[in-house]
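A.B. asks: Below is the structure I would like to discuss, written out as structure tokens.
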Amino acid sequence: MTQTVYLNGAFMPIEQATVPVLDRGFIFGDGVYELIPVYSRRPFRLEEHLNRLQQSLDGIRLANPHPRETWTALIHELIARDENADQSVYLHVTRGVAKRDHPFPEGVPPTVFMMTNPLTTPPATLVEQGVAAISAEDNRWGRCNLKAISLLPNILLRQLAVDAHVNETVLFRDGILTEGTATNIFAVENGVILAPPKDQHMLPGITYDLILELAAAHRMPVEIGKFDQARIRRADELWLCSSTREVLAIVTLDGQTIGDGHPGPLFRKMYDLYQDYKHRVMRAAS
Ligand SMILES: Cc1ncc(COP(=O)(O)O)c(C=O)c1O
């Protein structure tokens, strides 16, 4: 079955979806995107993802091409056209097609593209054993709170992890924990979950918010603050999270064990809370 995508008002086979070379997404990386996990054909935390899309569009001063109801209808239509029950919906808005020039073009419609792919959540072995990570200096721009399609810095930093045969690169800006290249990061110290603040140095993750919500609902103490490398390396536990990787324990950082080198008790608790929440929400929606 060929993959169906959405481009500028029409659903079509992916092979037919083409964009002019002068699209500002292609020329400048001038656009924003979202990625929404879909379980049993139901988008997870859709409102939160559409809120963040609006924030990203506002951040790059691009008018939202669709009202909320249109996005919701398009997303459901795309999900229905895919054979997989569990999917990830990718949506992408650029500043459209115009003669190459830095200033915003006037009167140009944005390019809107959407596709779905099969969703693969982490295998049980990764959940049980945890993952390895390396660290690197966070040398990205100062507006990492926007989900911009220009991901070159994230790609270069992620490739460091691939080259080192580990799962993720944990980023520190001037020695302070920010996030991963495509994940948010939490640590645990003496039973307290440590979380970097939602500022311009990290993407406000939908999973990050859910983890803090679950922690609050289950009276797990949280400290939001700026944590330096030494403190993170000494932490009892380290976690990464995202919509597709859910929550995983990082058990080594730059080859040094975190805690006892195994996923810790708070990780197990949070992983179970996350799975329970997901199944509850999905049941309620059915
Ligand atoms: C840089 C970055 N941080 C964090 C995340 C996690 O965000 P979410 O939980 O919304 O998937 C992502 C997701 O792609 C990301 O790219």
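A.B. asks: With axes computed from alpha carbons, what is the tilt in degrees of helix 46-59 against the longest principal axis of the chain, rounded to the nearest 10 within 0 to 90?
C.D. replies: It is inclined by approximately 70 degrees.
A.B. asks: Next up: Straight-line reach from residue 99: which aspartates and glutamates fall under 15 Å, measuring Cα to Cα and dropping same-chain residues less than 8 apart?
C.D. replies: 23, 30
A.B. asks: Report, in degrees rounded to the nearest 10, the 0 to 90 angle that the Cα long axis of helix 68-80 makes with the longest principal axis of the chain.
C.D. replies: 80 degrees
A.B. asks: Using the Cα centre of the range 65-155 as origin and beta-carbon charges of +1 (Lys, Arg) and -1 (Asp, Glu), tell me which of 123, 139, 103 is placed farthest towards the positive end of the dipole.
C.D. replies: 103
A.B. asks: Once you have all Cα-Cα distances for the range 186-286, histogram them in 5 Å bins from zero and send the whole-percent values.
C.D. replies: Percent of Cα pairs in each bin: 2, 12, 23, 25, 21, 10, 4, 2, 1, 0.
A.B. asks: Translational diffusion coefficient, Stokes-Einstein: compute it for the range 1-51 using the Kirkwood radius over C-alpha pairs as Rh, at 20 °C and 1.002 mPa s, and state it as an integer in µm² s⁻¹.
C.D. replies: Using the Kirkwood radius from Cα pairs, D works out to 160 µm²/s.
A.B. asks: Let me ask something additional. If the chain between residue 18 and residue 124 were fully stretched, how many nm would it gain, using 0.36 nm times the residue separation less the Cα-Cα distance?
C.D. replies: Roughly 34.4 nm would be gained on extension.
A.B. asks: I need two numbers for the range 1-134: Rg to one decimal and Dmax as a whole number, Cα atoms only, in Å.
C.D. replies: 16.6, 53
A.B. asks: I'd like the distance between the alpha-carbon centres of the range 173-213 and the range 216-268, rounded to an integer number of Å.
C.D. replies: Measuring centre to centre over Cα atoms gives 10 Å.
A.B. asks: Over the Cα atoms of the range 76-151, compute the convex hull volume and normalise it per residue, giving Å³.
C.D. replies: Roughly 170 Å³ of hull volume per residue.
A.B. asks: Setting aside same-chain residues fewer than 8 positions from residue 198, which lysines have a Cα under 30 Å from its Cα?
C.D. replies: 147, 226, 269, 278
A.B. asks: Related question: Quick one: Cα convex hull volume of the chain, Å³ per residue?
C.D. replies: Here the figure is 138 Å³ per residue.
A.B. asks: Over the range 114-232, what number does the Rg to Rh ratio reach, with both radii from the alpha-carbon atoms and Rh per Kirkwood?
C.D. replies: My calculation of the ratio gives 0.96.
A.B. asks: Given the range 31-109, what whole percent of its Cα pairs are spread farther than 22 Å?
C.D. replies: 31 percent
Where a number appears in this text, it was derived from the coordinates with a stated rule and is not lab data. Keep in mind that what you see is a predicted model, and the values were worked out from it rather than measured. Counting neighbours? That spans all protein chains shown, and the Cβs are built from the backbone with ideal geometry, glycine included.
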